[in-house]
Every structure is written in C-alpha cells, then in structure tokens.
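Here the structure is laid out as structure tokens; the discussion comes afterwards.
The values are calculated or read from the model by the stated rules, or taken from the named source; none is laboratory data. Predicted, not measured: the structure shown is a model, and the values here were computed from it. Please note: Cβ atoms are built from the backbone with ideal geometry, for glycine as well, and neighbour counts cover all protein chains shown.
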Amino acid sequence: MSRMFDSMKIGKMVVSNRFVRSATCENMANDKGFVTDNMIKMYKTLAKGEISLIILGYMYIHPFGRAFKYQTGIYSDDHIPGIKEVVDTIHKENGNVVIQLAHAGPQTYPQIIGTTPLGPSKNVRNPFTFSKPKEMSESEIQESITLFGDAAERAVKAGVDAIQIHGAHGYLINQFLSPYFNRRTDKWGGSDENGFRYLKEIFLQIESVIPKEIPLLIKLNAHDHTQKEGITPTLAIKYAKWLVDLGISAIEISGGTNHYSTFDVVRGEIPSEELVQWVPEGIRDSAKNMFKEMQGKYNFQEAYNLELAKSIKPRIGKTPLILVGGLRTLSCMEDIIENGYADLISMCRPFIREPLLVKQIKKGRKDRSACSSCNRCVAALPNDFPVRCYENSFPNS
C-alpha cells in the first residue's frame, strides 16, 4: 500500500491517510452566507471519496470580511445548524473536518460589503478595484481579533475536528504579516515581530475559547510573489518557527495573493475570456490587456511550492507540514512524503474535477489527475457561479 495511506496524528486528531482537501470557496451558500442543499451534496460526495481531512472554507467571520457573494459565513450563531449538517455529513463517511476562518480584508469589493474594505494600511491600491482600503483603527483591529474567536466557538459547536486560520493569499492576516501590505508604524507594523502580532493575538484568542483537544492549524504564505518584497521564504521560516513556539498543530504552506499575484496561487492557464465577464464594461478592455500580458508567465509545473516546503520543514521539527500547489501525480506525492519534504498532500482543483480521486488511488489508480489546471473553476468565483469543473463549458454571465 502506498505511503499516502499511512495514518498520522495532528495534535490529538488522527487522520487515516495523507490526503487533504484544501479549503475552497464553494460559492454555494445563499447571499447571507447560509449553507445550502447543493453545498451539503458536494461535501457528501467528497467525503465518499475517502479524503481523510476535509477543510471547509473559506468562511468569513464578519460581513465586512466577505470576498464573494455566495461565500459561506460563520459570523452568526444562526449559521451553526447548516455548518453542523455539513460536518455531520462528512463524519458519517469517517472523514475529519476542519473549518477555515477568514477575513478578506482589502481583497473584496465595496458592492459586496457595502463599504470601503478594511486593511492594515491605506497605501496599497487593489489592482482589480483600483481602490485603496481603509486603514484599520486600534478598536477595529481588536474587534476583528475577538470575531475570530467568536467564529472558532461556533465551529466547535458545529462539531468540527480542528480549526484552520487563513493567513495566506493576500487576505487580512496575510496583509498584516507582509511588509509589502503592512506600512504601519505602531505596534501592529514596522518590524517582523509587530507584523506577526495580529496573527499571534488571533491564535491566542482562539486558543482561549476552544477545547484543548481541538487542533489549531494555519494556512501560511511562504512567498507573496508581490511586485515589491512581501513575505519571502526567509520571513516565512521565521513566522513558522514562531507559530511552532505558540503551539500550532500543523502548517499548510502556499504562495501568491488572490488579487495581487493571482496565478502564483493557481498556476496554469489564464482563462481571460471567462474572467472578464464580471468586469464592468468601462474597464473591460484594460482588464483584457492585463490578462493578455500575463499569458505564458504562469505555466503549470508540478508541486510548484515544493521548494518552499523544503526550506520550511526542517525548521519546524515534528510539527506536521501540509503542502498545496500543483500536486497531480501519485509518484510525486509519494516522493514528497517519503523524503520528508511534507507530511500531508493538500489539493483543491483536482478534487473539484475528481472528488473520488483518493478512493480510486486506493484501488490502484496510478495515472495523473484529470485536472488540466484550466482555472475556469477559479473564474467562477467573481462571476458568482458555484465552484465546479468548467473545463468543457463555462456559463455566460
């Protein structure tokens, strides 16, 4: 049997194999963030595929932190019953459930949240909206830390096995961590320690309100790939070591930001025709030119975050490292596990295309995942379509 089916522990949670379904915005909630029947059906299928660790996500902790119209919310106790139904559905198939908690920060749109997006600093213009965020006040920072804790309590009430903090991809926590985005000179910026403070306070807040047996995980950018230097592998190593010192149960590493370096997150094709469907007519031509300039710069390569894993894993001791990014062949995954470059393999797009992939591998399948990395599933998000495989067709907006 492949090493991919070795069991292991994350904190006190036991996973039966090394496959992780990386948190993915389903875009299947209603416009208030409540779980729908279609979302439950999707997770039931995923769970039947025998993925041992399924991360739900990403769930926004406050209406101002919502990135997409049909993203799932966890900002109210009213969300708990629907989330619990998803959790119970996965548990019936013996899967472990993690909820990813997120705040979009500046990577959202005024028309979605009804106000100017919040960020650590007001200096950095969003390339998609051409706007700058509102710099968060001390009270707004403290309130958001509390909101992460409140959301974690709701996740526990919904019956989850673990919680993951989203500290990657250019969202609010990532922006506090990144010197490219964080231009503050108070206690929340200006040094590596101050940039880390926001994540540290969120970690401590969540830890104070959840049972000790619930593992706390992090999704962390190991490289921002921003125009000017943000989080680099060197800084990510420092942050990872500090997280281990705090007691983090596992670290999932990724790279890129969803608005500022989009296709470093999801390398592959750039579906420009599908992406520009959501762009207002007045700026559609400039958007087309922007996507045209990107063509050929982000070609897919297998395990494109592997070198980042190799640099971080030796520095975090026995803390499990989860690797995401372009993992498509069983032989590559096995090599990563056998060489100790990472402890678990996390995938998003392959499970959108083939939710039963792990079960098929267990039965002897050895060929490459059918996912072509066309990224039309990514283009679905801003167009308010549910996330599914659109390789062969994409709806008109």
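Structure summary
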quantity	calculated
Hits in region 51-87 (condition: closer than 30 Å to Asp6 by Cβ, in contact with a Gly (Cβ under 8 Å, 6 or more places away or on another chain) and hydroxyl-bearing (Ser, Thr, Tyr))	Ser52
Of all residues in region 243-274 being hydrophobic (A, V, I, L, M, F, W, C) and in contact with a Phe, Trp or Tyr (Cβ under 8 Å, 6 or more places away or on another chain), the one that is nearest to Gln164 (Cα to Cα)	Ile248
Of all residues in region 33-63 being out of contact with any strand residue (DSSP E or B) (no Cβ under 6 Å at 6 or more places or on another chain) and more than 27 Å from Phe19 (Cα to Cα), the one that is surrounded by the most Cβ atoms within 10 Å (Cβ to Cβ)	His62
Residue within region 305-325 that is at pLDDT 95 or above, assigned to a loop (DSSP other than H, G, I, E, B) and farther than 19 Å from Ala240 by Cβ present	no
Members of region 16-41 found to be in contact with an Asp or Glu (Cβ under 9 Å, 6 or more places away or on another chain), under 24 Å from Leu323 (Cβ atoms) and not aromatic (Phe, Trp, Tyr), listed by number	Ser16, Asn17, Arg18, Val20, Ser22, Ala23
Selected residue [touching a strand residue (DSSP E or B) at 6+ places or on another chain (Cβ under 9 Å) and at negative phi] from Val156, Val124	Val156
Filtered residues of region 332-364 (kept if outside any helix (DSSP H, G or I), touching a residue at least 12 places away in the same chain (Cβ under 8 Å) and more than 25 Å from Phe68 (Cβ to Cβ))	Gly340, Tyr341, Ala342, Asp343, Leu344, Ile345, Leu356
Filter pass, Ser2 being of a type in the set (Ser, Thr, Tyr) and under 18 Å from the mean Cα position of the chain (by Cα)	no
Members of region 365-376 found to be free of Cβ contacts under 8 Å to residues at least 60 places away in the same chain, closer than 16 Å to Gly268 by Cα, of a type outside the set (Gly, Ala, Ser) and surrounded by fewer than 22 Cβ atoms within 10 Å (Cβ to Cβ), listed by number	Arg368
